[in-house]
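Read through the structure below, which is laid out as structure tokens, and then see the notes.
The values are calculated or read from the model by the stated rules, or taken from the named source; none is laboratory data. Here the structure is a predicted model, which means the values were calculated and not measured. Glycine also receives a Cβ, built like all others from the backbone with ideal geometry; neighbour counts cover every protein chain displayed. Each accessible area value is taken on the protein alone, full model and side chains, heavy atoms only, with ligands, DNA and RNA left out. Shrake-Rupley method; radii C 1.70, N 1.55, O 1.52, S 1.80 Å.
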Amino acid sequence: MRPTFRNGAAASASILAHEITLDNLLRMSSGLHSDTAGNRTDAIYFGGTTVTEQVTAWPLSSRPGERFRYANNDILLAARSLRATLGEARYRALPNRLFATLGMRHTVAQSDWQDNFIASSDMWTTARDLARLGQFWLQDGVWQGRRILPAGWMRYMTTPVGPQPDRSEGYGASIWLFGPAQGLPTGSYSAQGNRGQYVMVVPSHRLVVVRRGEDPGSARFDVARFTADVIAAP
């Protein structure tokens with residue numbers, strides 16, 4: 001397959017696929033095709049298909065780093081790359097090791113039947129555990145005096161680089177970015193789950209807001225407004 005890009009140049013998809021970086025995947029700018037925003041991956045979630053079967057064969061529709069396109073596939077591939085990098089034992093132990101360190105005792109990372117973690121979804125957790133995760137981020141990746149994340153990682157996560165979404169919120173490395181345009185202080189950021197799960201962090205107020213719910217259809221909970229109301233409350 002030889003896709004044609006906006007600049008009119010044709011290039012080998014196999015060569016360009018090797019240009020996709022981990023940074024591209026985390027920033028939703030891999031250039032891989034997706035049928036819809038998010039790119040439904042129900043075959044993995046419900047149908048017994050594995051990560052490697054589902055997400056490694058999508059064609060490129062733009063050059064890596066050129067276009068923002070929110071897609072589960074990018075995060076699935078990013079998580080799958082850890083398996084090759086860490087090796088089997090460290091890869092399989094990684095989620096539980098992190099959860100145990102943070103005291104997230106009711107959180108489980110589900111995998112497919114080939115033991116690939118489905119990090120784009122299928123994380124079973126509680127509001128208290130999500131609050132611990134938000135507090136961990138707020139503390140710059142330090143927990144009980146111990147640095148867990150590399151220094152500078154949270155700055156990397158929350159810095160918008162490259163193509164951005166066509167909406168008022170920005171996007172960092174796997175996290176949504178908020179600020180005055182959404183009625184919140186500069187530097188606010190949020191993890192957002194499917195249909196109603198949010199972890200909003202407002203560093204300037206040392207605040208973590210967690211919301212778990214089920215928003216049917218297009219009725220979305222306004223986490224930015226809710227957080228602004230919390231900040232403004234006496």
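Among the residues of segment 55-66, write down those that are in contact with a Gly (Cβ under 7 Å, 6 or more places away or on another chain), open to solvent by 60 Å² or more (accessible area, probe 1.4 Å) and closer than 26 Å to A191 by Cα.
E66
Condition first: touching a residue at least 24 places away in the same chain (Cβ under 8 Å) and either of a type in the set (D, E, K, R) or in contact with a Phe, Trp or Tyr (Cβ under 7 Å, 6 or more places away or on another chain) (or both). Now tell me which residues in segment 129-145 satisfy that.
Within segment 129-145, D129, R132, F136, W143 qualify.
Just need a number here: residues in segment 59-115 that are outside any helix (DSSP H, G or I), charged (D, E, K, R) and over 20 Å from A173 (Cβ atoms).
Total satisfying the criteria: 3.
Quickly run through segment 97-108 and pick out the residues that are under 14 Å from I148 (Cβ atoms) and not hydrophobic (A, V, I, L, M, F, W, C).
If the condition is that a residue be under 14 Å from I148 (Cβ atoms) and not hydrophobic (A, V, I, L, M, F, W, C), then R97, T101, G103 are the ones that fit.
Within segment 127-234, considering only helices (runs of 4 or more DSSP H) that don't extend past its boundaries, which have at least 2 residues that are among the basic types (K, R)?
127-138
When the residues of segment 204-234 are narrowed to those that are of a type in the set (K, R) and over 19 Å from the mean Cα position of the chain (by Cα), which ends up surrounded by the most Cβ atoms within 10 Å (Cβ to Cβ)?
Looking at residues that are of a type in the set (K, R) and over 19 Å from the mean Cα position of the chain (by Cα), I get R225.
When only residues in segment 78-122 that are among the hydroxyl-bearing types (S, T, Y) and farther than 23 Å from L25 by Cα count, which is least open to solvent (accessible area, probe 1.4 Å)?
T107
Every residue in segment 16-54 that is modelled with pLDDT under 80, over 18 Å from the mean Cα position of the chain (by Cα) and either outside any loop (DSSP other than H, G, I, E, B) or surrounded by 18 or more Cβ atoms within 10 Å (Cβ to Cβ) (or both), please.
L16, A17, A43
Conditions first: (1) open to solvent by 20 Å² or more (accessible area, probe 1.4 Å); (2) farther than 17 Å from A71 by Cβ. V201 passes all but one, so which condition is the exception?
All conditions pass for V201, except number (1).
In segment 66-77, what residues are within 10 Å of the chain's Cα centre (by Cα) and within 13 Å of V55 (Cβ to Cβ)?
Of all residues in segment 66-77, those within 10 Å of the chain's Cα centre (by Cα) come to 70-72, 74-76.
Result: A71, N72, D74, I75, L76.
Every residue, every condition in (1) on the phi > 0 side of the Ramachandran plot; (2) under 17 Å from the mean Cα position of the chain (by Cα), yes or no:
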{"site": "T85", "(1), (2)": "no, no"}
{"site": "A100", "(1), (2)": "no, no"}
{"site": "Q110", "(1), (2)": "no, yes"}
{"site": "W113", "(1), (2)": "no, no"}
{"site": "A127", "(1), (2)": "no, no"}
{"site": "G141", "(1), (2)": "yes, yes"}
{"site": "G145", "(1), (2)": "yes, no"}
{"site": "W153", "(1), (2)": "no, yes"}
{"site": "M157", "(1), (2)": "no, yes"}
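Can you find a residue in segment 167-174 that is over 29 Å from P95 (Cα atoms), modelled with pLDDT under 95 and under 19 Å from the mean Cα position of the chain (by Cα)?
Yes, the conditions are met somewhere in segment 167-174.
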